[in-house]
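Down below is the structure, laid out as structure tokens.
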Amino acid sequence: MSLASGVQIQDDCITAFQDFSRSHGKTKYIIYKIADDKKSVVVDSVGKDQDYEVFRNELADAKDSQGRVAPRYAVYDVEYELPGEGKRSKIIFISWVPSETPTLWSMIYASTREVLKNALNVVTSIHADDKSDIEWKTVLKEASGGKA
Amino acid sequence: MNPSNPPQAAEYGGDEVSAIVLDPGYSTTRAGFAGEDAPKSLIPTYYGKYNADGQEKLVFGDDVFVTPRPGLSIHNPIGKDGIVEDWDMAERVWEHSFTSRLTGTKAGNPFQNGLNDVSPDELPTEMEVESEEKPLSDSPLLMTEPGWNPAKAREKTIEIAMEKWDTPAFYLARSGVLAAFASGKASALVIDIGASNLSVTPIHDGMILKRGVQHSPLGGEYISSQIRAIFKANTPQPITITPHYLISSKSAVEAGQPAQAKYKTFPADKAPDASYRALLEERTLSEFKECVVQVWPGPTRLSAPSATGVSNEDMARTTPGRPFEFPDGYNQVFGVDRFRAVESLFDAKAAIPDPDSSFPPPTPAQTIPELVKASLAGVDVDLRPHLLANVVVTGGSSLLYGFTDRLNHELMQMFPGPRVRVTAPGNTSERRFGSWIGGSILASLGTFHQMWISKKEYEEHGPNIVEKRCK
């Protein structure tokens, strides 16, 4: 076991993820956060909007209870088309820890990331601390392994 | 409450006992309570030894700087590579770091401390035989270690914590992982410049990639040796550092003029050992690094011709110098030399030769660009771009003026393809105590209890449990 915060993953997180992966693209993303008591990861929101920018803005605008920028985790269903091979979709895990995040929360999010990623069993992931890190082309490239 | 029963420990303070975080470095040892922003106790890892009344005495903490006792010699239990060499003394120094300012000495039996009048017949008839008090019986302990700490040293560390200090719970965290986490990253390339080592540690998904860990001796003390070489060759005159304890008075002199100071002299049998003087000289050198030394900003090396045809070194000459006054009053403005002192961290050829130095001339493989290259060569090809996009800079010596800018330039030139991004905490204390702060946050989390190795588990599995649990 690698060094981790010990923050727990609530069952809701897993259930929401299962519904999401069974929805075949109807649900586009889930945003997760660590609860204010620093004890567990909970579902922050589930989105159905097909426009990637809606998701990107929601993630980048995440705030804590005092209205300051705040970190999040997310899973997004990336759909793309490969020439001659048709439509593909792949779920990507995103950790979002904007660079202004206080050290306390940076530490907690970084040390809980693997536990959540493994619990959801998502292999492909990116880390972002700036909005330019989560542009569609970056996410697409990572999800498609550089093919799309 | 029966007044003849000593109160339980919890009734003294009422507070929950918090964990102690111990971050032992080569030059300083940092200790403090988990949950605090900075380590309350910051002591030199160096300790002093002298003889008095035919007995060997030891000096710990800031006291080593204070009195130039006859024959006082300075030692360090940690080797130049950052790994403990003298375990008995490492234990003593570390113990001093928390007992001196955090845990204090244990309260004695109130019947015998002289503060309570107790008539002899009231004394408990059967005195319980107390087992020897150990310093951490009430506090869980989180310690940090370098990424290249060998398994034997890790086992020895938990053994000391459990058996000598009696800690109820223990964890040993890699300082590189803590520094990456403190920047919000579970994957990063951590560049750490400490007092004795310069290291590059690749971390992926919270785990150190051992094959990519690289380190070299080009740390703070090496930079000091380069400054000494500059002082020797200095014009208008060579500079010797005379520490404060050898000066009884000084008067102001013009820049570049010989010092006007009265010196203290010690007869041979009263003088401290040369290592004491060296330790105090190091303090002046630290000040010099903070006030004068500057990293050539790049983009090209100091020895390279710049785009206009004027050499970078000539360019550096035209920038305003920085003044520095030594303890004996000698003062001077330092021009291009202040860039030369650290150039060899990036360019081995730029090292200032000094046959008397304890550091052999650096090899190209020991410089930052080569260490990064070697580190990346040791990890999976697909991970390299992720690591370069998440370079984290930490360690006290990384505070050298201009360091991160130059690092950025060097990395971008070496890896023109992938995006390079260097992150460094802007705040001095986060850079100096990065791993301590990271450990402090983790150990203060209520949820962290599942990570601790408990005393019971240690007793059941032995010291090897640290290899299984602290990866």
Flagged in the stretch B:46-55 as more than 19 Å from residue B:274 (Cβ to Cβ) and either part of a strand (DSSP E or B) or open to solvent by less than 30 Å² (accessible area, probe 1.4 Å) (or both), in numbering order, are B:52, B:55
Scan the stretch A:109-125 for residues that are at the interface with chain B (Cβ under 7 Å from one of its Cβ atoms) and over 21 Å from residue A:141 (Cβ atoms) and jot them down. A:109, A:110, A:111, A:114
Residue by residue through the stretch B:165-181, note down the ones that are open to solvent by 10 Å² or more (accessible area, probe 1.4 Å), under 21 Å from residue B:102 (Cα atoms) and within 13 Å of chain A (Cβ to nearest Cβ). B:169
Please go through the stretch B:287-322 and pick out each residue that is open to solvent by less than 70 Å² (accessible area, probe 1.4 Å), touching a residue at least 40 places away in the same chain (Cβ under 8 Å) and in a helix (DSSP H, G or I). B:288, B:289
Residues of the stretch B:215-230 satisfying the condition of being within 17 Å of residue B:150 (Cα to Cα) and open to solvent by less than 50 Å² (accessible area, probe 1.4 Å): B:216
If you go through the stretch B:399-419 one residue at a time, do you hit one that is among the β-branched types (Val, Ile, Thr) and under 30 Å from residue B:294 (Cβ atoms)? yes
Looking at B:369, B:360, can you tell me which residue is open to solvent by 40 Å² or more (accessible area, probe 1.4 Å), more than 11 Å from chain A (Cβ to nearest Cβ) and either touching a strand residue (DSSP E or B) at 6+ places or on another chain (Cβ under 6 Å) or of a type outside the set (Asp, Glu) (or both)? B:360
Just wondering, is there one or more residues in the stretch A:89-105 that are within 14 Å of chain B (Cβ to nearest Cβ), open to solvent by 10 Å² or more (accessible area, probe 1.4 Å), in contact with an Asp or Glu (Cβ under 9 Å, 6 or more places away or on another chain) and assigned to a helix (DSSP H, G or I)? yes
Hits in the stretch A:1-23 (condition: surrounded by fewer than 18 Cβ atoms within 10 Å (Cβ to Cβ), free of Cβ contacts under 8 Å to residues at least 60 places away in the same chain and away from chain B (no Cβ under 14 Å)): A:11, A:12, A:15, A:18, A:19, A:22, A:23
What's the number of the only condition in (1) among the small types (Gly, Ala, Ser); (2) free of Cβ contacts under 8 Å to residues at least 40 places away in the same chain; (3) more than 10 Å from chain B (Cβ to nearest Cβ) that residue A:143 fails to meet? (2)
Take residue B:429 and decide whether it is hydroxyl-bearing (Ser, Thr, Tyr), in contact with a strand residue (DSSP E or B) (Cβ under 6 Å, 6 or more places away or on another chain) and assigned to a helix (DSSP H, G or I). no
Output for the stretch B:252-286, where each listed residue is part of a strand (DSSP E or B) and open to solvent by 60 Å² or more (accessible area, probe 1.4 Å): B:260, B:262, B:263
So which of B:437, B:465 is more than 9 Å from every other protein chain (Cβ to nearest Cβ) and either more than 14 Å from residue A:5 (Cα to Cα) or of a type in the set (Val, Ile, Thr) (or both)? B:465
Go through the stretch B:46-75 and give me each residue that's over 21 Å from residue B:88 (Cα atoms) and in contact (Cβ under 8 Å) with a residue 40 or more places away in the chain. B:65, B:68, B:69, B:70, B:71
Expected single match for surrounded by fewer than 23 Cβ atoms within 10 Å (Cβ to Cβ) and assigned to a helix (DSSP H, G or I) among B:37, B:88 is B:88
Can you tell me how many residues within the stretch B:434-471 are open to solvent by less than 20 Å² (accessible area, probe 1.4 Å), in a loop (DSSP other than H, G, I, E, B) and out of contact with any Gly (no Cβ under 7 Å at 6 or more places or on another chain)? 2
Every residue from the stretch A:71-88 that is more than 9 Å from chain B (Cβ to nearest Cβ) and either free of Cβ contacts under 8 Å to residues at least 40 places away in the same chain or more than 16 Å from the chain's Cα centre (by Cα) (or both): A:80, A:81, A:82, A:83, A:84, A:85, A:86, A:87, A:88
Which listed residue is at pLDDT below 95, more than 28 Å from residue B:182 (Cα to Cα) and surrounded by 12 or more Cβ atoms within 10 Å (Cβ to Cβ), from B:110, B:120: B:110
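The values are calculated or read from the model by the stated rules, or taken from the named source; none is laboratory data. Since the structure is predicted, the reported quantities are computational estimates derived from the model, not experimental observations. All Cβ positions, glycine included, derive from the backbone under ideal geometry; neighbour counts span all protein chains shown. Protein only, heavy atoms only, side chains kept; ligands, DNA and RNA dropped before computing areas. Shrake-Rupley method; radii C 1.70, N 1.55, O 1.52, S 1.80 Å.
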